[in-house]
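A.B. asks: Please find one structure pasted underneath; my questions will follow.
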Amino acid sequence: MATIPAVRTRADTGAIAFSVNGRSVVVSSPPSQRLSRVLREDLGLTGTKVGCDAGDCGACTVLVDGDPVCACLVAAGQVAGREITTVEGLGQSQIGARLQQSFLTHGAAQCGACTPGMLVAATALLEQNQTPSESQVMDAIGGVLCRCTGYRKIVTAILSGQSDALAEIHPEAGNAVGQRVVRLDGKRKVDGSEIFGADEVPMGALAVRAIRSPYHRAQFHFGDLDEFVSAHPGIDAVLTAKDVPGKDCYGVIPPFADQPVFAHTEARYRGEAVAAIVGAPEIVEALDPATFPVVWQELPALMDIDEALAPGAPQIHAHREENVLVRGRVVRGDVDRALADAEITAEGEYETGFVEHAYIEPEAGFARRVGDGIEIQACTQSPYMDRSDIATILGIAPEKVRIIPTAVGGGFGSKLDLSVQPFLALAAWHLDKPVRMVYSRTESIISTTKRHPARMRLRAGCTREGKLVALDFAADFNTGAYSSWGPTVSARVPVHASGPYYVPHYRALTQAIHTNLVPAGAFRGFGVPQAAIAQEQLYDDLADRVGMDRLEFRILNALDDNTPTVTGQVMGEGVGIRACFEALKPKWQAARKQAAAFNSNAVGPFRRGVGVAGMWYGCGNTSLSNPSTVQIGLQRNGRIALHQGAVDIGQGSNTIVTQICADALGAPIARFDLISGDTAVTPDCGKTSASRQTFVTGKAAYMAGAQLRNSIIALVKACECARILFEDSHITIEENGNRRKFTLADLPLDQHGYVITAEATFDPPTKPLDKDGQGTPYAVFGFGAHMAEIEVDTELGTVRVLKVTAAHDVGRAINPTLVEGQIEGGVAQGLGMALMEEFFPGKGENLHDYLIPTAGDIPPVESILIEDPSPIGPFGAKGIGEQAVIPTAPAILNALHDAVGIRLRKIPATPDRVRAAILASQQGDRRG
Ligand code: FES
Ligand code: FES
């Protein structure tokens, strides 16, 4: 590490006077400074979010003299003498305050990163027009991106924002489960006070900035780093691989860990860090990275699966032959023979590309050294995994690392992997000063994980009556330069590639292949959405060949409680897939009729189609232990402290886990103090992924709640039927018509500082898979089916989704509003995957070129909640987070085939591909 004492400089500044939220302020700032920066850094108004600094996301929307503008595109000098309104000031007006409340009660805020911008944009509309139409609302928020909600609840909240607000529900003790309780962290999300990764910074924190490879593959060497530091007053240090005191190798799955904090001599992908500059924020930010002394030698890169598998291709990791990271396999029965004997067969080949998570909050956080330990506050989905990797990197005990998760402005899997954390840890460790790092949008896109591109080949067979007999599935996944979650995708997909159907003869083989591209990792579904695109289209083809209704084909083949899955698991109960399909049936028949009537009368270029697809998804890790531990304590003030380490990334676990625990204990949720996700004060609840928090942490919370109730009953020697009333400073026991009151201050405290503490751990019962992938990979599955109605412009190749109907078996809807929010958000991401989203490393590394759905792209979504209880989940609940995204894309693609008769081999179905396929099919028709 090269260091010299820091020297501070200051850019030219001027005094700029304006008004913010009715308060006069004067800031000393360069007139060209972004207004967003001035609001956040100089005035501490961090409710205004920065998602791109380029006018693409709208997260920074504020009002300037009542007009909505992107504060990142407005220079501070331009607002002199003007009135600025930020989210923090919205509550001052009746319109703004009602809108905030409406967002809360309608569940319009999930992670909350877009919420300030949405609220501000909507306020501007409602100030002009208090009874807008839906399309006026869509227009008003059209420039503000949301990656979580699917927009529908936002639109509803705005449309009803000025009528009498929906009343908040405050359920009585024992009655929280199943209620549309307003999310417990919701108020902070609508008033702008929520703390995300970039929203807090210790006084005097230095900035950390990574130097990253501009090439997909390159060797490099540094010039004189000491001289560089000396020549740049304000730069405190440059960190490289030499500054990693522990083991320079991390990864989310320890046996496959392969990623260094800094590349050593060769960068394996464009965006890989080779060094980090640490120093005064204004100096570090102003530095031209081109002046950094590094010499690159670009090398030939492996840019796709074929290049990586070609004989003689360079090996990206010396110990992984043929660039194969790992293979997955599930085999049951005799698939070759069954296919040879099958009366009807169909085959297909499908390809999907990288998909960017595009959460609105780029990665950010700060760190400080505390004696011989380190504290990192950052956005993350997996605090305990971060703790373990940082301890390895620093060469210290995990107990010396404290991870404090901030609110997470969307994660969807990518924030399971380390991002800013190792750089922050190393800088704070070596300099013993607080340090902060905030990724730019481009840095976030080029360096963090993506959905795995997949190339899938499959063949299926059935009887003349439509009974599936066999499926042969093979997939190669492009896992990029490092392992990340490649092993999980390779293991999970073979278990799921059958879809939720009985397939007696089955073979699914997968492999994850390294290339010189950005690592592919976890993204909502761990490869299952890609597999569903293939299998659900193939099943449509099979149904067509049988001459059978496509929904009836699925109903005929749907799994039930007693049929074995492709791993031989018989669930016994809680298999709700047939109920999902049955729920769609009347809507399917009506929609098919409507589309047929539309098409038979069509004279212009528009054609309509209807598609359906099914889904299943195992909750939690595949055949691996993944326990959660929850601790609760009764306090002397009569309140209950709930220590749960599940990170709420917008999906609502803070609320759902509390609802479950409250009912198990028999206390109202208003009595709970929630202590979340800090490795120093909460037990390990594992990572927020794989739809496991409602199921696994929820079950641990259920057990802890029940245990605390039992302990209280035992303490006061009451009967099991007794009712416990939790009141200020005392509890009252009601039994047999008698009431006994116990003052809590009279009772001793335990070692945790509580009157009574209960702690429970739940680890889903799974069994390892054998060499053919047979066994019990998951204790609980969620099921679902989507129906998409679309309209295709056959001249332009554009596809408009008119409606999605989504039926999901969630076991028990702990909070229906939050469940619907997951479904609607999943539909939006599935729509993006089907029609527009594909990331090409090295191109379009911003939210201007990488398109995600906007409010105007999302159709009405009708959610149908099926509750076929899981015998294991808390109150019967199953997961929903990953499940919701899986069937949307194949349902849309099946609708596309229904409308215009084309099957695209490469997804997404962008207008150029759709148009080309329509032309090809027309030419084929003419030739034919
Ligand atoms: S931060 Fe201003 S538009 Fe994205
Ligand atoms: S709630 Fe809109 S981005 Fe998360």
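The values are calculated or read from the model by the stated rules, or taken from the named source; none is laboratory data. The shown structure was predicted, so the numbers you read here are calculated from the model rather than taken from an experiment. When we count neighbours, we look across all protein chains shown, and the Cβ atoms used for this are built from the backbone with ideal geometry, even at glycine. The protein model used for the area step is the full one, side chains on, heavy atoms only, and it has no ligands, DNA or RNA in it. Shrake-Rupley method; radii C 1.70, N 1.55, O 1.52, S 1.80 Å.
A.B. asks: Does Gly112 qualify as being open to solvent by less than 30 Å² (accessible area, probe 1.4 Å), modelled with pLDDT of 95 or more and at positive phi? Working first, answer last.
C.D. replies: Working: open to solvent by less than 30 Å² (accessible area, probe 1.4 Å): yes; modelled with pLDDT of 95 or more: yes; at positive phi: yes.
For Gly112, the condition - open to solvent by less than 30 Å² (accessible area, probe 1.4 Å), modelled with pLDDT of 95 or more and at positive phi - is met.
A.B. asks: Determine which member of the set Leu634, Leu624 is surrounded by fewer than 24 Cβ atoms within 10 Å (Cβ to Cβ), in contact (Cβ under 8 Å) with a residue 60 or more places away in the chain and not polar (S, T, N, Q).
C.D. replies: Values: Leu634 fails: surrounded by fewer than 24 Cβ atoms within 10 Å (Cβ to Cβ).
After ruling out the rest, the residue left standing is Leu624.
Here's the yes/no breakdown for (1) modelled with pLDDT of 95 or more; (2) touching a Leu at 6+ places or on another chain (Cβ under 8 Å):
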residue: Thr697; (1), (2): no, no
residue: Ala701; (1), (2): yes, yes
residue: Asn710; (1), (2): yes, no
residue: Glu720; (1), (2): no, no
residue: Ser729; (1), (2): no, yes
residue: Thr732; (1), (2): yes, yes
residue: Glu735; (1), (2): no, no
residue: Asn738; (1), (2): no, no
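A.B. asks: Could you tell me how many of the residues in the stretch 442-471 are over 23 Å from Gly251 (Cα atoms) and either open to solvent by less than 40 Å² (accessible area, probe 1.4 Å) or among the small types (Gly, Ala, Ser) (or both)? Before you say what the answer is, go through the steps one by one.
C.D. replies: The first filter runs over the stretch 442-471 and keeps only residues over 23 Å from Gly251 (Cα atoms), leaving 455-471.
Next cut, either open to solvent by less than 40 Å² (accessible area, probe 1.4 Å) or among the small types (Gly, Ala, Ser) (or both) only: 456, 458, 460-463, 466, 468-471.
The number of residues fulfilling the criteria is 11.
A.B. asks: Hey, Val120 hits all of (1) within 16 Å of ligand 1 (Cβ to nearest atom); (2) surrounded by fewer than 18 Cβ atoms within 10 Å (Cβ to Cβ); (3) assigned to a helix (DSSP H, G or I) but one; which does it fall short on?
C.D. replies: (2)
A.B. asks: Separate question: Regarding the stretch 195-211, can at least one residue be identified that is of a type in the set (Lys, Arg) and touching a Lys or Arg at 6+ places or on another chain (Cβ under 8 Å)? Before the answer, list the steps.
C.D. replies: In the first step, residues of the stretch 195-211 are kept if they are of a type in the set (Lys, Arg); the result is 209.
Adding the requirement that they be touching a Lys or Arg at 6+ places or on another chain (Cβ under 8 Å) leaves none.
No: the stretch 195-211 contains no residue that is of a type in the set (Lys, Arg) and touching a Lys or Arg at 6+ places or on another chain (Cβ under 8 Å).
A.B. asks: Being part of a helix (DSSP H, G or I), modelled with pLDDT of 95 or more, within 16 Å of ligand 2 (Cβ to nearest atom) and surrounded by 22 or more Cβ atoms within 10 Å (Cβ to Cβ), is that true of even one residue in the stretch 77-96?
C.D. replies: yes
A.B. asks: If Gly44 passes every condition in (1) over 25 Å from Gln381 (Cβ atoms); (2) part of a loop (DSSP other than H, G, I, E, B); (3) in contact with a helix residue (DSSP H, G or I) (Cβ under 8 Å, 6 or more places away or on another chain) but one, which one does it miss?
C.D. replies: (3)
A.B. asks: For the stretch 367-379, does any single residue satisfy the condition of being open to solvent by less than 30 Å² (accessible area, probe 1.4 Å), within 16 Å of ligand 2 (Cβ to nearest atom), under 30 Å from the mean Cα position of the chain (by Cα) and aliphatic (A, V, I, L, M)? Explain how you work it out, then say what you get.
C.D. replies: Residues of the stretch 367-379 open to solvent by less than 30 Å² (accessible area, probe 1.4 Å): 367, 373-374, 376-379.
Checking the rest, the ones that are also within 16 Å of ligand 2 (Cβ to nearest atom) come to 379.
Narrowing further to those that are under 30 Å from the mean Cα position of the chain (by Cα): 379.
Remaining after also requiring aliphatic (A, V, I, L, M): none.
No, every residue in the stretch 367-379 fails to be open to solvent by less than 30 Å² (accessible area, probe 1.4 Å), within 16 Å of ligand 2 (Cβ to nearest atom), under 30 Å from the mean Cα position of the chain (by Cα) and aliphatic (A, V, I, L, M).
A.B. asks: Name the residues in the stretch 796-834 that are surrounded by fewer than 23 Cβ atoms within 10 Å (Cβ to Cβ), out of contact with any helix residue (DSSP H, G or I) (no Cβ under 8 Å at 6 or more places or on another chain) and not in a strand (DSSP E or B), would you?
C.D. replies: Pro816
A.B. asks: Does the stretch 158-173 contain at least one residue that is open to solvent by 50 Å² or more (accessible area, probe 1.4 Å), among the small types (Gly, Ala, Ser) and free of Cβ contacts under 8 Å to residues at least 40 places away in the same chain?
C.D. replies: Yes: the stretch 158-173 contains one or more residues that are open to solvent by 50 Å² or more (accessible area, probe 1.4 Å), among the small types (Gly, Ala, Ser) and free of Cβ contacts under 8 Å to residues at least 40 places away in the same chain.
A.B. asks: Here's something else I'd like to know. Of all residues in the stretch 34-49, which are crowded, with 24+ Cβ neighbours inside 10 Å and more than 13 Å from ligand 2 (Cβ to nearest atom)? So that I can check it myself, show each step before the final result.
C.D. replies: The initial filter retains those residues of the stretch 34-49 that are crowded, with 24+ Cβ neighbours inside 10 Å, namely 35-36, 38-39, 47-49.
Of everything in the stretch 34-49, those that are crowded, with 24+ Cβ neighbours inside 10 Å and more than 13 Å from ligand 2 (Cβ to nearest atom) turn out to be Leu35, Ser36, Val38, Leu39, Gly47, Thr48.
A.B. asks: Quick check: anything in the stretch 850-873 out of contact with any Gly (no Cβ under 7 Å at 6 or more places or on another chain), of a type in the set (A, V, I, L, M, F, W, C), under 14 Å from Val799 (Cβ atoms) and open to solvent by 40 Å² or more (accessible area, probe 1.4 Å)? Break it down stepwise before answering.
C.D. replies: So in the stretch 850-873, the residues out of contact with any Gly (no Cβ under 7 Å at 6 or more places or on another chain) come out as 851, 857, 859-860, 862-865, 872.
Checking the rest, the ones that are also of a type in the set (A, V, I, L, M, F, W, C) come to 851, 864-865, 872.
Filter again for under 14 Å from Val799 (Cβ atoms), leaving 851.
Among the residues that remain, those that are also open to solvent by 40 Å² or more (accessible area, probe 1.4 Å) are: 851.
Yes, that holds for at least one residue.
A.B. asks: Would you point out the residue of the stretch 599-621, among those that are among the small types (Gly, Ala, Ser) and touching a residue at least 40 places away in the same chain (Cβ under 8 Å), that is nearest to Ala758 (Cα to Cα)? Talk me through it step by step, then tell me what you get.
C.D. replies: Pass one, the stretch 599-621, residues among the small types (Gly, Ala, Ser): 600, 602, 604, 609, 611, 613-614, 618, 620.
Next cut, touching a residue at least 40 places away in the same chain (Cβ under 8 Å) only: 609, 611, 613-614, 618, 620.
Details: Gly609: 55, Gly611: 49, Ala613: 44, Gly614: 40, Gly618: 29, Gly620: 24 Å.
For the stretch 599-621, the residue satisfying everything is Gly620.
A.B. asks: Continuing with the same structure: Considering Glu356, Glu343, Glu307, which residue is touching a Ser or Thr at 6+ places or on another chain (Cβ under 9 Å) and open to solvent by less than 10 Å² (accessible area, probe 1.4 Å)? Please lay out each step first, then the result.
C.D. replies: Values: Glu343 fails: open to solvent by less than 10 Å² (accessible area, probe 1.4 Å); Glu307 fails: open to solvent by less than 10 Å² (accessible area, probe 1.4 Å).
Going through Glu356, Glu343, Glu307 in turn, the sole match is Glu356.
A.B. asks: Moving to a separate point now. Applying the selection to the stretch 643-655, what residues are open to solvent by less than 10 Å² (accessible area, probe 1.4 Å) and either over 27 Å from Thr149 (Cα atoms) or in a helix (DSSP H, G or I) (or both)?
C.D. replies: Within the stretch 643-655, Ser653, Thr655 qualify.
A.B. asks: Turning to a different aspect of this structure: Give the residue, chosen from Ala113, Ala109, that is in contact with a strand residue (DSSP E or B) (Cβ under 9 Å, 6 or more places away or on another chain) and within 26 Å of Gln179 (Cα to Cα). It would help to see each step written out before you state the result.
C.D. replies: Details: Ala109 fails: in contact with a strand residue (DSSP E or B) (Cβ under 9 Å, 6 or more places away or on another chain).
Among Ala113, Ala109, only Ala113 is in contact with a strand residue (DSSP E or B) (Cβ under 9 Å, 6 or more places away or on another chain) and within 26 Å of Gln179 (Cα to Cα).
A.B. asks: Return the residues of the stretch 73-91 that are under 32 Å from the mean Cα position of the chain (by Cα) and closer than 16 Å to Ser29 by Cα; say none if nothing qualifies. Don't jump to the end; show me each part of the working.
C.D. replies: Residues of the stretch 73-91 under 32 Å from the mean Cα position of the chain (by Cα): 73-74, 85-91.
Leu73, Val74, listed by residue number.
A.B. asks: Moving to a separate point now. Please identify the pairs in which a residue from the stretch 50-70 that is within 10 Å of ligand 1 (Cβ to nearest atom) has its Cβ atom under 6 Å from the Cβ atom of a residue that is basic (Lys, Arg), counting only partners at least 6 apart or on another chain.
C.D. replies: Matching pairs, first to second residue: Cys52/Arg441; Ala59/Lys49.
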